[in-house]
Amino acid sequence: MKVLIVDDEELIRNVIKEYLVLNDYEYGEAETGKQAIEKVKNENYDIVIMDIMMPEMDGFKAVKKIREFNKEIPFIMLTARSEEYDKLMGFDLGIDDYVTKPFSPKELLARIKAIVKRTNNKEENYNFDGLKIDKIAHEVYIDSNVINLTPKEYELLLYLVENKNIVLTREQLLSSIWGYDFYGDDRTIDTHVKTLRSRLGKYRDFIKTVRKVGYKFEYKK
């Protein structure tokens, strides 16, 4: 897998490169948004890590230009800013995730893995014992019977399933499903998990609570 790192700070690029190499990833790098555009045009990358605040052209403008010729490549934005407006604008451009500086390289790597796994996933159905998810019909079955989920409950279940056996933080779930942070309010996620578990009945225990972190869909058969 090949990652493009776009940041005008060499130290940040070096830290990310070190972790990518340790985990057998290939990488390219760019110091500006304009360089990033040319890199994506001329080389194949699986994901782009893009800083927002850069000289000449900021990260959002670079993403917008790249989206004109590449609709599929996923983006993780690096930002020292946490304003809601920035995140909403980014999600409108098709940003997949945000990581706020200073960040943990291990967390960044986990997010890269989760996004690439999700975007490469072409499965139309998931089956876990008697629990089935039909992605085409947007329906969930328990022992061949359709269960009624709200749109957000369905999105939450699908996101957990597509990141099976990976621990997801509440922040990741909020930003990926609701599109922006709820300023640290965990109750939105916790409430939806509670109702989702109740609808899953005997399969409720597939959704595990990871104390002080978040949740994961666990299935190892």
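Numbers at a glance
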{"item": "Volume of the Cα convex hull of the chain, divided per residue and given in Å³", "result": "130 Å³"}
{"item": "Cβ-derived FRET efficiency at R0 30 Å, LYS132 paired with ARG187, nearest 0.05", "result": "0.50"}
{"item": "Spin-label pair VAL210/THR150, simplified geometry with 7 Å Cα→Cβ offset, distance in nm", "result": "2.5 nm"}
{"item": "Exposure proxy ranking, count of Cβ atoms within 10 Å, fewest first, for HIS138, HIS192", "result": "HIS138, HIS192"}
{"item": "Mean Cα-pair separation over length for region 125-217, i.e. relative contact order, pairs under 8 Å, 6 or more apart, %", "result": "26 percent"}
{"item": "Cα gyration tensor shape of region 2-119, rounded if a/c is under 1.5, else prolate or oblate by comparing a/b with b/c", "result": "rounded"}
{"item": "GLU139 paired with GLU124, simple spin-label distance in nm, labels 7 Å along Cα-to-beta-carbon", "result": "1.4 nm"}
{"item": "Distance cut-off 15 Å, percentage of C-alpha pairs in region 40-79 lying past it", "result": "37 percent"}
{"item": "Backbone HN-Hα couplings from phi across region 195-209 [Karplus 6.51/-1.76/1.60, Hz, Gly and Pro as x]", "result": "5, 5, 4, 5, 6, 7, x, 5, 9, 4, 6, 5, 8, 9, 8"}
{"item": "Fraction of antiparallel bridges per DSSP, the chain only, in percent to nearest 5", "result": "50 percent"}
{"item": "Additional length obtainable on full extension of the chain from ALA80 to THR195, 0.36 nm per residue less Cα span", "result": "37.9 nm"}
{"item": "Relative contact order for the chain, counting Cα pairs under 8 Å that sit 6 or more residues apart, in percent", "result": "14 percent"}
{"item": "Signed unit charges on C-beta, dipole axis of the chain, positive-most listed residue THR195, LEU109, ALA137", "result": "THR195"}
{"item": "VAL6, VAL167 arranged by Cβ crowding within 10 Å, fewest neighbours leading", "result": "VAL167, VAL6"}
{"item": "Subset of LYS135/LYS194; LYS71/LYS221; LYS65/LYS106 violating a 27 Å alpha-carbon distance limit", "result": "LYS71/LYS221; LYS65/LYS106"}
{"item": "Cβ-defined net charge surrounding GLY33, 12 Å radius [Lys, Arg +1; Asp, Glu -1]", "result": "-2"}
{"item": "Fraction of the pair-distance distribution of region 125-217 above 15 Å, Cα-Cα pairs, percent", "result": "57 percent"}
{"item": "Most mobile of ARG13, ARG187, ARG170 in a GNM of the chain (Cα contacts under 10 Å)", "result": "ARG187"}
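Where a number appears in this text, it was derived from the coordinates with a stated rule and is not lab data. These numbers were taken from a predicted model, which means no experiment stands behind them. Reconstructed Cβ throughout: ideal geometry from the backbone, glycine too, with neighbour counts over all protein chains shown.
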